1. Which ones in the stretch 84-96 are modelled with pLDDT of 95 or more and among the acidic types (D, E)?
2. Take the stretch 52-70 and flag every residue that is among the polar types (S, T, N, Q) and either surrounded by 15 or more Cβ atoms within 10 Å (Cβ to Cβ) or over 17 Å from R103 (Cβ atoms) (or both).
3. If only one of L42, L25 is over 12 Å from the mean Cα position of the chain (by Cα), surrounded by 13 or more Cβ atoms within 10 Å (Cβ to Cβ), modelled with pLDDT of 95 or more and assigned to a helix (DSSP H, G or I), which one is it?
4. Give the number of residues within the stretch 89-108 that are of a type in the set (F, W, Y) and in a loop (DSSP other than H, G, I, E, B).
5. Would you mind finding the one in I72, I33 that is closer than 14 Å to I18 by Cβ, in contact (Cβ under 8 Å) with a residue 24 or more places away in the chain, within 15 Å of the chain's Cα centre (by Cα) and in a strand (DSSP E or B)?
6. Has the stretch 79-88 got any residue that is out of contact with any helix residue (DSSP H, G or I) (no Cβ under 9 Å at 6 or more places or on another chain), in a strand (DSSP E or B), among the hydrophobic types (A, V, I, L, M, F, W, C) and without any contact (Cβ under 8 Å) to a residue 24 or more places away in the chain?
7. Mind listing whichever residues of the stretch 1-22 are over 14 Å from I88 (Cβ atoms), surrounded by 12 or more Cβ atoms within 10 Å (Cβ to Cβ) and in contact with a strand residue (DSSP E or B) (Cβ under 8 Å, 6 or more places away or on another chain)?
Amino acid sequence: MNLFISSIIQELAVRDRIAFKKHSLLRMHQRGIGVDDVRTALISGQVVETYEADKPLPSCLILGYTQNNRPIHAVIAPDEAEEMLWVITVYEPNIEDWEEDFRMRRNP
């Protein structure tokens, strides 16, 4: 399932079918993450968590890297009907909360 979701995300990102929620743009600005950084991370990224119960669309957490090899986590909601990726929030994962590869959360 994650591979299927990843391929849809990559396809939509390559086509630049990305919409940013107001919250995500605010957080990106605060964290020094640009739109191109997010697009690059989505194109090369992998799904690390899925949130099937999220409304109005199921969402997932993507791990990708910018052109400068900066790790980026993006919570996105792929909308296949509208052919759009909705970016909900974006941040740089930290080693305190995530394993070294940023794919698994550390136990609290």
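1. Within the stretch 84-96, E92 is the sole residue that qualifies.
2. Passing the criteria: S59, T66, Q67, N68.
3. Residue meeting the stated conditions: L25.
4. Number of matching residues: 1.
5. I72
6. Scanning the stretch 79-88 turns up no residue that is out of contact with any helix residue (DSSP H, G or I) (no Cβ under 9 Å at 6 or more places or on another chain), in a strand (DSSP E or B), among the hydrophobic types (A, V, I, L, M, F, W, C) and without any contact (Cβ under 8 Å) to a residue 24 or more places away in the chain.
7. N2, I5, S6, I8, L12, A13, R17
The values are calculated or read from the model by the stated rules, or taken from the named source; none is laboratory data. It should be emphasised that the depicted structure is a prediction, and the values quoted were computed from it without experimental measurement. Don't worry about glycine lacking a Cβ; one is built from the backbone with ideal geometry, like all the others, and counts go over all protein chains shown.
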